[in-house]
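Shown next, in structure tokens, is the structure this report addresses.
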Amino acid sequence: MKVIFQKQNFVIEKQISLFSKTNKINEGAIVLFVGKARHKYKDKKILSIDIELYEKMAIFQTKKIIKNLKKKYNILDYLLIHRFGKIKPGENIILILVSSEHRKQSFGFSEELIDWLKVKATFWKKEHFSKNSKWVSQKESDRKLIKT
Amino acid sequence: MKILYFASLKESIGKREDTIQIDGKKKIYQIIDELKNSDSNYNTAFTKIKNLQYAVNCEYVNKNSFVTNKDELAIFPPVTGG
């Protein structure tokens, strides 16, 4: 059960391998979600993105969200990695691994966790194009997914 | 008290934090009004950037919340992680 915020990229296969090696009593399902940096915004090529982090609050908010979701879905284990700093298109941004007795618990936990992180965890993305840069705006559709 | 700025707000103001002294307690919007009156950079930043969010000691609050010298206030545009 870990939350990691880091600058460096992660290797998905290595994380799955480590996570699935730990024996959990009555584990019946593991779900993986990976969020990646896109190559384009509309028709504009993205050269890189920068992710700014307010670490203290991101940890606080993420732990709060996870505490609630653990109660709701009764999961056995999780790993969350969220990167910050400079990221190139195609690289990984976020990884969620969850295990539970039944698949619906892990699917529910991972989906709700990413929905909450998108509107509560204090990360900000800035996209760099060839001629300019732009801070990413929060999507109305993401806000609607969570009940505050 | 410490005030932290992030993302486009930080860029527009031109710094990441301020330390100010307040007597007793004040509402967040009063502090922002005072900053806006003190310097045109703040005035431009706080006027230009919409939907700002506020957090006191890492908890989301609204701008009618009170703060004291012991608090850490963070002001930022809506988050875009994940």
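Just so you know, all these numbers are worked out from the coordinates, no wet-lab data involved. Not measured: the values here are computed from a predicted model. Note: ideal-geometry Cβ built from the backbone for every residue, glycine included; neighbour counts use all protein chains shown.
Residues considered: A:K21, A:K131, A:K104. Largest GNM mean-square fluctuation over chain A, using C-alpha springs under 10 Å, is found at A:K131. Stretching the chain fully between A:L47 and A:K134 yields a gain of 30.1 nm (0.36 nm per residue, less the alpha carbon separation). When chain B is treated as a Gaussian network with alpha carbon springs shorter than 10 Å, the biggest mean-square fluctuation among B:D71, B:D39, B:D23 belongs to B:D23. Selection among B:I49, B:F66, B:A7 by position relative to the dipole of segment B:2-76 gives B:I49 as farthest towards the positive end (Cβ unit charges, Cα centre). Normalised Debye scattering of segment B:8-47 at q = 0.32 Å⁻¹ gives log10 I(q)/I(0) of -1.19, counting only Cα atoms as equal scatterers and leaving out solvent. With contacts taken as Cα pairs under 8 Å at a separation of at least 6 residues, chain A carries a relative contact order of 34 percent. Taking every full run of DSSP H in chain A, the ones that stretch at least 15 Å from end to end by Cα along their long axis and average -1.0 or higher on the Kyte-Doolittle scale are A:55-73, A:103-120. Write down the percent of antiparallel bridges among all DSSP beta bridges whose residues are both part of segment B:2-76, to the nearest 5. Here the share of antiparallel DSSP bridges comes out near 75 percent.
Between the beta carbons of B:T47 and A:F107, assuming R0 = 45 Å, the FRET efficiency works out to 0.55 to the nearest 0.05. Helical content alone sets the calculated 222 nm signal of chain A at -11500 deg cm²/dmol, taking -39,500 (n - 2.57) per DSSP H segment of four or more residues and averaging over every residue.
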